[in-house]
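The structure appears right after this line, and notes come after that.
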Amino acid sequence: QVQLVDSGGGLVQAGGSLRLSCAASGRTFRRYAMGWFRQAPGKEREFVLAVSWSDDTTYYAASVKGRFTISRDNAKNTVYLQMNNLKPEDTAVYYCAARTTGRYYDGASYEYWGQGTQVTVSS
């Protein structure tokens, strides 16, 4: 079993940057593919980025490609979401999640979730 703790959210002006962290418990962290999702008020949860467990292949939603980067440090059991050039439409609660099977973009494929961290981008 894996427990995930998200952190790093906050208030930032448009054009600014934030780095979110997701710390995982458990010795099998490296066997999990990791993803970041977000949910804005009144909207459904959406896929943001993911990284595989095997070869660090990364996947991006079109809306964040070129601005956001996902990375993982298996030695620290942590996955990061670096967000640059933030826009007001990036405002949401961001969640990290872990899976062993399924599709990287499908939230239903993820078995474990962090508690979420709020990101607010002002214009």
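The values are calculated or read from the model by the stated rules, or taken from the named source; none is laboratory data. Predicted model, so just to flag it, every value in this text is computed and none were measured. Note that each Cβ is placed from the backbone with ideal geometry, even for glycine, and that neighbours are counted across all protein chains shown. Areas reflect the complete protein model, heavy atoms only, side chains present, ligands, DNA and RNA absent. Shrake-Rupley method; radii C 1.70, N 1.55, O 1.52, S 1.80 Å.
With +1 on each Lys and Arg Cβ and -1 on each Asp and Glu Cβ, how big is the dipole of the chain about its Cα centre, in debye rounded to the nearest 20?
On the way: 14 positive and 10 negative charges, 36 e Å.
About 180 debye.
Would you please give the FRET efficiency between T120 and T58, computed as 1/(1 + (r/R0)^6) with r the Cβ-Cβ distance and R0 = 22 Å, to the nearest 0.05? It would help to have the intermediate numbers written out before the result.
Values: r = 25 Å, r/R0 = 1.15.
Calculated value: 0.30.
Give me the Å³ per residue figure for the convex hull around the C-alpha atoms of region 2-123.
Values: hull volume 10.9 nm³, N = 122.
Residue-normalised Cα hull volume stands at 89 Å³.
Put a dot 7 Å past each Cα toward the Cβ at E89 and Q1; how far apart are the dots in nm?
Using points 7 Å along Cα→Cβ, the separation is 4.0 nm.
I'd like the FRET efficiency for S71 and L11, computed as 1/(1 + (r/R0)^6) with the beta carbon distance as r and R0 of 35 Å, rounded to 0.05. All intermediate terms of the calculation are to be shown ahead of the outcome.
Working: r = 24 Å, r/R0 = 0.68.
So the FRET efficiency works out to roughly 0.90.
If you take the charge dipole of the chain about its Cα centre, with +1 on Lys and Arg Cβ and -1 on Asp and Glu Cβ, which of A24, G10, Y59 is farthest toward its positive end?
Of the candidates, A24 comes out farthest on the positive side.
With θ taken as phi - 60° and the coefficients 6.51, -1.76 and 1.60, list the Karplus ³J(HN,Hα) couplings across region 72-84 in order, rounded to whole Hz; mark glycine and proline as x.
Rounded to whole hertz, the list is 9, 10, 5, 5, 9, 6, 9, 10, 10, 10, 8, 10, 10.
Roughly speaking, to the nearest percent, how much of the chain's 1.4 Å accessible area is carbon and sulfur? Before the final figure, lay out each step's value.
Numbers: 2880 of 6470 Å².
It is 45 percent, rounded to a whole number.
At 7 Å along the Cα-to-beta-carbon direction for both A23 and Y105, put a label point, then send me their distance in nm to one decimal.
According to this spin-label approximation, the distance is 3.3 nm.
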